[in-house]
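A.B. asks: Got a structure for you, written out below as structure tokens; questions coming shortly.
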Amino acid sequence: MRRNIVHEGSRNLSYEIREIVAIANKVKELGQPITWENIGDPIEKGEEIAPWIKEIVHETIDDSRTYGYCDTAGVPETRIFLTEMVNQRSGGTKITPDDIIFFNGIGDAVAKVYGFLKREARVLGPSPAYSTHSSAEAAHSGYNHLTYKLDPYNNWMPDLYDLRNKVKYNDSIAGILLLSPDNPTGAVYPRSVLEEILKIAREYDLFIITDEIYSHIVFPGYPKIHLSQWIEDVPGIAMRGISKEFPWPGARCGWIEVLNRKKDPNFSEYVDSLLAAKRLEVCSTTFPQMVIPKVMGDPRYPQHLRHRASIFSNRADELMEHFRGCPYIVLNRPGGAFYATIMFKENVLNSHQTLPIENKKVKEYIETIVENAPPDKRFVYYLMGSTGIVVVPLSGFQSNYPGFRITLLETDDTKRNWIMKTLRQAVDTYVNS
Ligand SMILES: Cc1ncc(COP(=O)(O)O)c(C=O)c1O
């Protein structure tokens, strides 16, 4: 090429959750049946959509407007509906329909939110990190994503000392990102933690981004707190969507709620640029937007959410039971979403450990790919070769802690029990090999 056409940030685009699929497909080709535990798609794992939600979807498609473009920010009635929901939450910061902007899923919102930030302005996010955010933020800046630590020895809560210091000593940081419930850890932050983060944001004049894709999958006994309920007067963006809670990930439908836009002209101008960027694409998907008020406004919806949260909560208990007494790992019971992170304790892993692999060709392949692999990836590859279970290594979530993420999505009770039991056996066997 006459000019180098590769973007500076391109090397930061990685998504281990999907990248591991290429390896798993190869293992499958060589004869090892695969059990996918890598991706957070409830549909893929056999969840059936509630019949009443399907009925609403069917009825809505009869409305010819679902076939057309909609306003750039989204369908006006839906934005009014969502605005009322935000404003009805007790003690919440108030918004107007102009503060709701639709995207083709949070994935699209993430690309715009980081992509249209000034290059020198950085957003500090958690580690372990969800790759969509960390990769997009890193790609926007051309540098590695900046992170604060989540503490495995404190239920994966943010290390507030680390967070404060990162902000204090790096004045390029303009915003703080948090996910609650979190992916990959499933941690749900109590109000006291959120208020500490708010203090830091206010003190250093930062904005806050929350990813609330799992905010309606919070297990019994854990707090359900939206950004609008704790942000007070600080500018912020909450990202919401229907991928996980209807669940309807294939709809590619999500939105942002902009909070306290008027409090800062620079923040307001930035939000204008997000809408301008969306305008170049005309609009986001109309059809799912038209479904949202009908489903979320239905009297059956709160029970639907409670029911699903309790299912995942019970599966979290099953997982804890399977790993009870395991001396090699740290496993914090998740409080929401549908993931759990199993972290290996320090000095537990080495580069000689293996798992037995019966299939000779698979064994040969695994033995070649584990060379120079990070310690947790080595375990994940052996696990795949030996059992066919595909999990995501924690090092793929920009984490220095070795471990792996599994989902709580398997709907078949027998299969789920087998997955959890096999994982426990694999950890014990690998560490002692
Ligand atoms: C934390 C988090 N945010 C966003 C998404 C993707 O959301 P969407 O389907 O709306 O793009 C995911 C998907 O796994 C996720 O885990």
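The values are calculated or read from the model by the stated rules, or taken from the named source; none is laboratory data. Only a predicted model underlies this, so the values are computations on that prediction, with no experimental measurement involved. Every residue, glycine among them, receives a Cβ derived from its backbone with ideal geometry; neighbour counts consider all protein chains shown. Side chains are part of the model used for accessible areas, which takes the heavy atoms of the whole protein and leaves out ligands, DNA and RNA. Shrake-Rupley method; radii C 1.70, N 1.55, O 1.52, S 1.80 Å.
A.B. asks: Under 6 Å between Cβ atoms, at least 6 apart or on separate chains: pull out the pairs that start in the stretch 232-247 with a residue that is closer than 24 Å to Asp41 by Cα and end on any residue that is open to solvent by 10 Å² or more (accessible area, probe 1.4 Å) and away from the ligand (no atom under 11 Å from the Cβ).
C.D. replies: Note: pairs meeting the criteria are Glu245/His216.
A.B. asks: Which of the residues spanning the stretch 223-250 are of a type in the set (A, V, I, L, M, F, W, C) and open to solvent by less than 10 Å² (accessible area, probe 1.4 Å)? Write out each step before concluding.
C.D. replies: Within the stretch 223-250, the subset of a type in the set (A, V, I, L, M, F, W, C) is 225, 227, 230-231, 234, 237-239, 242, 246, 248.
Scanning the stretch 223-250 gives Leu227, Trp230, Ile231, Val234, Ile237, Ala238, Met239, Ile242, Phe246.
A.B. asks: Next question. Go through the stretch 114-134 and count every residue that is without any contact (Cβ under 8 Å) to a residue 60 or more places away in the chain and either out of contact with any strand residue (DSSP E or B) (no Cβ under 9 Å at 6 or more places or on another chain) or within 14 Å of the ligand (Cβ to nearest atom) (or both).
C.D. replies: So the count comes out to 4.
A.B. asks: Still on this structure, I have one more. Based on this model, can you work out whether Thr72 counts as open to solvent by 60 Å² or more (accessible area, probe 1.4 Å) and more than 16 Å from the ligand (Cβ to nearest atom)?
C.D. replies: On the way: open to solvent by 60 Å² or more (accessible area, probe 1.4 Å): no; more than 16 Å from the ligand (Cβ to nearest atom): yes.
Spelling it out, it is not the case that Thr72 is open to solvent by 60 Å² or more (accessible area, probe 1.4 Å) and more than 16 Å from the ligand (Cβ to nearest atom).
A.B. asks: Something else about it: Within the bounds of the stretch 93-116, is there any residue that is among the acidic types (Asp, Glu) and closer than 22 Å to Gln398 by Cβ?
C.D. replies: Applying the first criterion (among the acidic types (Asp, Glu)) to the stretch 93-116 yields 98-99, 108.
Then keep just the ones that are closer than 22 Å to Gln398 by Cβ; that gives 108.
Yes; the residues of the stretch 93-116 include at least one that is among the acidic types (Asp, Glu) and closer than 22 Å to Gln398 by Cβ.
A.B. asks: Among the residues of the stretch 139-157, count how many are within 16 Å of the ligand (Cβ to nearest atom) and open to solvent by less than 10 Å² (accessible area, probe 1.4 Å).
C.D. replies: 2
A.B. asks: Considering the stretch 275-305 alone, what residues qualify as being within 24 Å of the chain's Cα centre (by Cα) and aliphatic (A, V, I, L, M)?
C.D. replies: Leu275, Ala277, Val291, Ile292, Val295, Met296, Leu305
A.B. asks: On to the next question. Could you check the stretch 272-305 and list, in sequence order, the residues that are free of Cβ contacts under 8 Å to residues at least 40 places away in the same chain and either more than 13 Å from Asp108 (Cβ to Cβ) or touching a Cys at 6+ places or on another chain (Cβ under 6 Å) (or both)?
C.D. replies: Asp272, Ala276, Pro299, Tyr301, Pro302, Gln303
A.B. asks: Taking Asn104 and the conditions (1) at pLDDT below 95; (2) buried (at least 17 other Cβ atoms within 10 Å of the Cβ), which numbered condition does it fall short on, given that it satisfies the others?
C.D. replies: (1)
A.B. asks: Show me the helices (runs of 4 or more DSSP H) entirely contained within the stretch 27-140 in which 2 or more residues are farther than 30 Å from Asn170 by Cβ. Give the derivation first.
C.D. replies: Working: elements: 51-61, 76-88, 105-115.
Result: 51-61, 76-88.
A.B. asks: Would you point out the residue of the stretch 252-282, among those that are part of a loop (DSSP other than H, G, I, E, B) and acidic (Asp, Glu), that is farthest from the ligand (Cβ to nearest atom)?
C.D. replies: Initially, the stretch 252-282 is screened for residues part of a loop (DSSP other than H, G, I, E, B), giving 252-253, 260, 264, 280-282.
Applying the additional criterion that residues be acidic (Asp, Glu) yields 264, 281.
Numbers: Asp264: 25, Glu281: 15 Å.
It comes out as Asp264.
A.B. asks: Looking only at residues that are without any contact (Cβ under 8 Å) to a residue 60 or more places away in the chain and open to solvent by 70 Å² or more (accessible area, probe 1.4 Å) in the stretch 385-433, which one is farthest from Thr354 (Cα to Cα)?
C.D. replies: Once the filter is applied, the top-ranked residue is Asp413.
A.B. asks: Go through (1) modelled with pLDDT of 95 or more; (2) more than 14 Å from the ligand (Cβ to nearest atom) one by one and return the number of the condition Ala111 breaks.
C.D. replies: With (1) modelled with pLDDT of 95 or more; (2) more than 14 Å from the ligand (Cβ to nearest atom) applied to Ala111, the lone miss is (2).
A.B. asks: Please give the number of the condition Glu367 fails out of (1) closer than 30 Å to Ser243 by Cα; (2) surrounded by fewer than 23 Cβ atoms within 10 Å (Cβ to Cβ).
C.D. replies: Looking at each condition in turn, Glu367 falls short on (1).
A.B. asks: Hey, any hits in the stretch 320-342 for a residue that's farther than 21 Å from Tyr130 by Cβ, among the charged types (D, E, K, R) and part of a helix (DSSP H, G or I)?
C.D. replies: yes
A.B. asks: Pairs please, first residue from the stretch 37-58 and touching a residue at least 60 places away in the same chain (Cβ under 8 Å) and over 12 Å from Val295 (Cα atoms), second anywhere and among the charged types (D, E, K, R) and open to solvent by 70 Å² or more (accessible area, probe 1.4 Å), Cβ atoms under 8 Å, 6+ apart in sequence or on different chains.
C.D. replies: Asn38/Arg18; Ile39/Arg18; Gly46/Asp412
A.B. asks: If I go through the stretch 320-339 residue by residue, how many of them are among the aliphatic types (A, V, I, L, M) and buried (at least 23 other Cβ atoms within 10 Å of the Cβ)? Explain how you work it out, then say what you get.
C.D. replies: Taking the stretch 320-339 and keeping what is among the aliphatic types (A, V, I, L, M), we get 320, 329-331, 337.
Remaining after also requiring buried (at least 23 other Cβ atoms within 10 Å of the Cβ): 337.
The qualifying residues number 1.
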